[in-house]
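Before any comments, here is the structure.
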Amino acid sequence: MTRARAGFDRLGGIEGGRDVVAVDVLLPLVEIQAMQASIEKAHADIENARVSIANAQYEQELTAGRLRISLIVNAVLLIVGGVFYSGLLSETEPWLSQFRSSIAGPVPFALATIGIAIAGSSLVFIQNLNSFLRTLFFIVIVWALLIAGHNLFME
């Protein structure tokens, strides 16, 4: 039994064989409606696939852009950090050499170590930090690592 005939039987069927002409006309109409529904579903599936592909391409371009920005920022930070620690700026910028001497010593090293411990444990153990505090803790960790690294490698 075809799908169209089953659909026609659900609609009322043939009563005693007297609607044979109606069956011959209605069966093709039911089959056409079933085909149209299948075609509409296929069109919807194709459109969903197109949207998914477009979203994937957008995400890929966005990720590539973020990677480029990250590489540029890292390169600039590497160059600036190398100039900062090489001492090239210390002769021309007296405030920079004063800053470098002020973060050297046992007290800044101890404070940096305590800062790393507190900020790191806060990031690990406190689950519901808002983004401002999370960013603040990351900044504290970065500065503490810079100060501790300066004290470890410059002495």
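The values are calculated or read from the model by the stated rules, or taken from the named source; none is laboratory data. Nothing here was measured: the structure is a model prediction, and the numbers come from that model. Neighbour counts are summed over all protein chains in view; Cβ atoms, including those assigned to glycine, are modelled from backbone coordinates with ideal geometry.
At a glance:
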{"read-out": "Of all residues in the range 117-133 being exposed (fewer than 13 other Cβ atoms within 10 Å of the Cβ) and in a helix (DSSP H, G or I), the one that is nearest to the chain's Cα centre (by Cα)", "value": "131"}
{"read-out": "Meets criteria (closer than 17 Å to residue 81 by Cα and over 29 Å from the mean Cα position of the chain (by Cα)) for residue 148", "value": "yes"}
{"read-out": "Of the criteria (1) surrounded by 10 or more Cβ atoms within 10 Å (Cβ to Cβ); (2) modelled with pLDDT under 90; (3) in the same structural domain as residue 147 (by TED's automatic domain parsing), which one residue 73 fails", "value": "(3)"}
